[in-house]
Amino acid sequence: SYNMAEGGERAEDSLDLAAFTEEVYSPDIQVDKWLDLCTTAGPSGFADESLNKVAPIPWHTELECLVRIPLYMAFNVVPIILPGFVLGCCSWRVAGMVLTVFLLLLQANRHRPNSEEVRRYQYAYSERNNQKYTSLKMVWPSSIQRPAIAKPLVFCIVPHGVCPFAVSAYPFYSKLFNDRLCRFTAAPIVLQLPVVGWILKRLGVIPAKSKSILDTLVKRQESVALVLDGVAGMFNGDEPDVQRACLKNRTTIVSLALSAGCPIIPVYAFGHTSLYRVIADRFGILEWLSIKLNTSFTPFVGRWFWPLGPPRRCPVTVVCGEPVHCPKVEHPGKTGSNEQRKEYDELVQEWHAKMMHSFKHAFDIHKAACGVPNKQLVFV
């Protein structure tokens, strides 16, 4: 069995994604081949430090990451600063040419691939190299092991960090737990960016809006994954004894899960806050502005203190918590009575508390194996 420890008790499974061979890492390989590679531990989790190791990678893989990741970061900010730079430094003719190219790129960005195209593109070479660069691993409890849950799943990931590399495990979210394609979310403005938006759409990313998420869960019957703490999660850095998670007010996703009747899978990504160092001002102005506009305005440095550069080579371990099986409950809406809305709000708070409990439980079980045995997870 893939998911039972000795004695038949509840187990935790681990899969070293970075160690997959290219033959196994394929959309045509049956999931059983992946599950055969699992390592299983008892309910108390894995041995100390066992999930906190950086694996060596080929030089060409590292070189590709050192070149591509800074370019990707740059493409996120160039559309913001380019118009002002062009208008300030170039002639109107040059500015017109740049604007024309920009509009053509926007037009090319309109294509939306179908589900089968997305499923295959999730195995992209770039995402595979991200998994190797971060020594990416996944851990999950037997309660979400196939065939436990057939419904679409709602993966809620924290912390965000500067760049949530845990999402590069796209095909694993779409294949490990059931056969439903998993679509990640991103800020709508990011999906409109030339190059970056085109890449994300090919990976199946949808706008981080309630309607888009609900349509994916209910109409498409596909899973959804989102980084739940958003931009605010960039500023809950790598403190020695405390890891803060912005979850106390994140109730909208619980309401959506209730509307769809889909389980929430809390996911904690160990290592996210160690990949980059955020350079925040002492007054918190950039943090306030970033959260207010839902776009980062804060500088950061990665490996070798390189601004907008590649991340440090730290292991990232994606730990799934116990599923939160939300019942299907319709939102009373504006036509509902005050009493109905009050009951619904209390129900949302009840299931939100269960979600946070699952986060805390998963964190505490695996923190020693991930190299932070004394850290405490604190919700803010």
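The values are calculated or read from the model by the stated rules, or taken from the named source; none is laboratory data. Bear in mind the structure is a predicted one, so any value in this text is a computation, not a measurement. Every residue, glycine as well, gets a Cβ built from its backbone with ideal geometry; the counts of neighbours run over all protein chains shown. Keep in mind that these areas ignore ligands, DNA and RNA; they rest on the heavy atoms of the full protein, side chains included. Shrake-Rupley method; radii C 1.70, N 1.55, O 1.52, S 1.80 Å.
A few points about this structure:
- On inspection, Glu322 passes the criterion of being within 18 Å of the chain's Cα centre (by Cα) and of a type in the set (D, E, K, R).
- Filter result for Val254 (assigned to a helix (DSSP H, G or I), on the phi < 0 side of the Ramachandran plot and β-branched (Val, Ile, Thr)): yes
- Each residue in the range 261-292 was checked for being out of contact with any strand residue (DSSP E or B) (no Cβ under 9 Å at 6 or more places or on another chain), part of a helix (DSSP H, G or I) and either among the hydroxyl-bearing types (Ser, Thr, Tyr) or closer than 26 Å to Asp48 by Cα (or both), and 2 of them qualify.
- Evaluation of Leu63 against (1) surrounded by fewer than 16 Cβ atoms within 10 Å (Cβ to Cβ); (2) modelled with pLDDT under 95 (one fails), failing number: (2)
- Selection of the range 154-173 for residues being surrounded by fewer than 24 Cβ atoms within 10 Å (Cβ to Cβ) and more than 24 Å from Ile291 (Cα to Cα) yields only Phe172.
Yes or no, residue by residue, for (1) in contact (Cβ under 8 Å) with a residue 60 or more places away in the chain; (2) surrounded by fewer than 17 Cβ atoms within 10 Å (Cβ to Cβ); (3) aromatic (Phe, Trp, Tyr):
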site: Lys248; (1), (2), (3): yes, yes, no
site: Thr298; (1), (2), (3): yes, no, no
site: Pro307; (1), (2), (3): no, yes, no
site: Cys320; (1), (2), (3): yes, no, no
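- Residue among Pro27, Pro70 that is outside any loop (DSSP other than H, G, I, E, B) and at pLDDT 75 or above: Pro70
- Filtered residues of the range 262-293 (kept if crowded, with 17+ Cβ neighbours inside 10 Å, touching a Phe, Trp or Tyr at 6+ places or on another chain (Cβ under 7 Å) and among the hydrophobic types (A, V, I, L, M, F, W, C)): Ile265, Val267, Leu275, Val278, Ala280, Leu286
- Taking residues in the range 205-227 that are more than 17 Å from Ala166 (Cα to Cα) and open to solvent by less than 30 Å² (accessible area, probe 1.4 Å), and partners anywhere that are of a type in the set (Lys, Arg) and not in a strand (DSSP E or B), the pairs with Cβ atoms closer than 7 Å and at least 6 places apart or on different chains are Glu222/Arg180.
- For the residues Lys328, Lys354, Lys367, the requirement of being more than 30 Å from Arg68 (Cα to Cα), more than 17 Å from the chain's Cα centre (by Cα) and open to solvent by less than 70 Å² (accessible area, probe 1.4 Å) singles out Lys367.
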